[in-house]
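The structure under discussion appears below in the form of structure tokens.
The values are calculated or read from the model by the stated rules, or taken from the named source; none is laboratory data. Everything numeric in this text was worked out from a predicted model, so none of it was measured. Virtual Cβ from ideal backbone geometry, glycine too; neighbours counted across all protein chains shown.
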Amino acid sequence: MTSSPEHPVDAVLAALRPLHLIRAFEEAAGAALHRGQVRGSVHQYTGQEAVAAGVCAHLGPQDFVSSHHRGHGHAIAKGVSPARMMRELFGREGGTSGGKGGSMHIADFSCGMLGANGVVPDGVTIATGAAHALKLRGRPGVVVAFFGDGAMNRGPLFEAFNWARLFDLPVLFVCEDNGYSVTLKTRSVTGGPPPVKRVAAFGIPVGEVDGNDLVAVLQEAGERVQAVRDGGGPQFLHARTTRWQGHLAHDLQPYRDADELTRARADDCIERAERWLLAAGVPASRLDELRLQCQREIDAAVAEADAAPWPDAATAFTDVQDIGSPAWR
Ligand SMILES: Cc1ncc(C[n+]2csc(CCOP(=O)(O)OP(=O)(O)O)c2C)c(N)n1
Ligand SMILES: [Mg+2]
């Protein structure tokens, strides 16, 4: 699927599906956490869906993505099964990491999803290494590293930019700027010029996009992914977007005022995409059916996860980092 000018309506309609899946998944994940069915942390991606969907629409089976702590949306957009992801959150057998990783360790190499990552910004250095591996092996493919504005103040990110430029690696860096790093406004802890200027200093071509506008993300990301595919080395896309929920599902956001949240929700990427499609002649009934289909898929994923067996205790130390014998022995 591409966002080529010949088929923009089909492209936007196809990309709307992951938006709905992600929105429904995040609402279900938050609710399950509050019911005590999900342990650990859940960082909801609600509000930012158009970035993951608009970028991943341009990726195929030979391409890879890496993500960060807020990683559910990137995984779904890259084609990871929401049902297997929900099992992972519930800690059940059949989860993407056998139920042993949880929300921040969702990975599925069979779909090119290299992993969510709790360490800011280690998904980016992993993506850069993966891009280097593709280049050394002479394999086609593009790697996309998704990260937040908070990561723009971490040193390893700049090592990755330098390395990617030095070796002309096939990587697209996507900074999702929701304005927040946990409970802080990122600008309150940032000196110097804004992200695009910092990255341009590495000689990496930069672009900016309204990340709540699916049509714009499809267009801008399409051009940048193509530039990487053409062998020009790394690209950087800065997507301004809005985080609707707290940093974590149990963060009630007392540090944000009501007006700000109302404004954020009013700029809904799903409503904007639907308005665009309606204006382009897509019937409302088709849009309603798509939303319902996605909601039903996620409802089924929750029911399936809840009914799934727990992992066998004997498998507790399989598929985990090799530490020899368990440390407690
Ligand atoms: C090395 C490191 N330092 C601190 C943290 C704690 N931490 C988790 S998320 C986060 C900031 C995230 O902000 P951003 O990168 O903008 O992503 P967002 O949560 O807004 O999506 C921090 C500081 C961490 N996970 N890793
Ligand atoms: Mg942020």
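Restrict the check to the range 177-186 and report whether at least one residue is outside any strand (DSSP E or B) and out of contact with any strand residue (DSSP E or B) (no Cβ under 9 Å at 6 or more places or on another chain). Checked the range 177-186: at least one residue is outside any strand (DSSP E or B) and out of contact with any strand residue (DSSP E or B) (no Cβ under 9 Å at 6 or more places or on another chain). Residue count for the range 257-274 satisfying the condition of being over 30 Å from Val142 (Cα atoms) and basic (Lys, Arg): 2. Beta carbons closer than 6 Å, at least 6 apart along the sequence or on distinct chains, pair a first residue in the range 80-109 that is under 20 Å from Ala53 (Cα atoms) and touching a residue at least 40 places away in the same chain (Cβ under 8 Å) with a second that is of a type in the set (A, V, I, L, M, F, W, C) and part of a loop (DSSP other than H, G, I, E, B) for Met85/Ile106; Ser103/Val42; Met104/Ala116. Pick from the range 158-180 the residues that are aliphatic (A, V, I, L, M) and in contact with a Ser or Thr (Cβ under 8 Å, 6 or more places away or on another chain): which of them is nearest to ligand 2 (Cβ to nearest atom)? Among them, the one singled out is Ala160. Against the test of being out of contact with any strand residue (DSSP E or B) (no Cβ under 6 Å at 6 or more places or on another chain) and at pLDDT below 95, the options Gly101, Gly95 yield a single qualifying residue, Gly101.
For Ala160, the criteria (1) away from ligand 1 (no atom under 16 Å from the Cβ); (2) part of a helix (DSSP H, G or I) hold in every case but one, which is (1).
Restricting attention to the range 25-63, the residues that are farther than 26 Å from Glu220 by Cβ and in contact (Cβ under 8 Å) with a residue 12 or more places away in the chain total 13. Of note, Ala14 does not satisfy the criterion of being within 16 Å of ligand 1 (Cβ to nearest atom), in contact (Cβ under 8 Å) with a residue 12 or more places away in the chain and either in a helix (DSSP H, G or I) or more than 24 Å from Ala151 (Cβ to Cβ) (or both).
Filtered by the rule that a residue be within 24 Å of Val143 (Cα to Cα), more than 17 Å from the chain's Cα centre (by Cα) and in contact (Cβ under 8 Å) with a residue 60 or more places away in the chain, the range 224-256 gives Gln226, Val228, Arg229, Gly231, Gly232, Gly233, Pro234, Gln235. Looking only at residues in the range 133-157 that are surrounded by fewer than 18 Cβ atoms within 10 Å (Cβ to Cβ), of a type outside the set (Lys, Arg) and part of a loop (DSSP other than H, G, I, E, B), the one that is farthest from ligand 2 (Cβ to nearest atom) is Gly138. Going by the conditions given, is Glu223 within 16 Å of ligand 1 (Cβ to nearest atom), acidic (Asp, Glu) and part of a helix (DSSP H, G or I)? It is false that Glu223 is within 16 Å of ligand 1 (Cβ to nearest atom), acidic (Asp, Glu) and part of a helix (DSSP H, G or I). In this entry, Ser81 is excluded by the filter for residues that are among the hydroxyl-bearing types (Ser, Thr, Tyr) and within 16 Å of ligand 1 (Cβ to nearest atom).
Of everything in the range 174-207 that is touching a Phe, Trp or Tyr at 6+ places or on another chain (Cβ under 9 Å) and among the β-branched types (Val, Ile, Thr), the residue that is nearest to ligand 1 (Cβ to nearest atom) is Thr186.
Restricted to the range 195-208, and to residues there that are in contact (Cβ under 8 Å) with a residue 40 or more places away in the chain and in contact with a strand residue (DSSP E or B) (Cβ under 8 Å, 6 or more places away or on another chain), the residue that is nearest to ligand 2 (Cβ to nearest atom) is Pro195. Checking the structure you have, find out if any residue of the range 234-243 is assigned to a helix (DSSP H, G or I) and not hydrophobic (A, V, I, L, M, F, W, C). No, that holds for no residue. For the condition crowded, with 23+ Cβ neighbours inside 10 Å and touching a Leu at 6+ places or on another chain (Cβ under 8 Å), Ala130 does not qualify.
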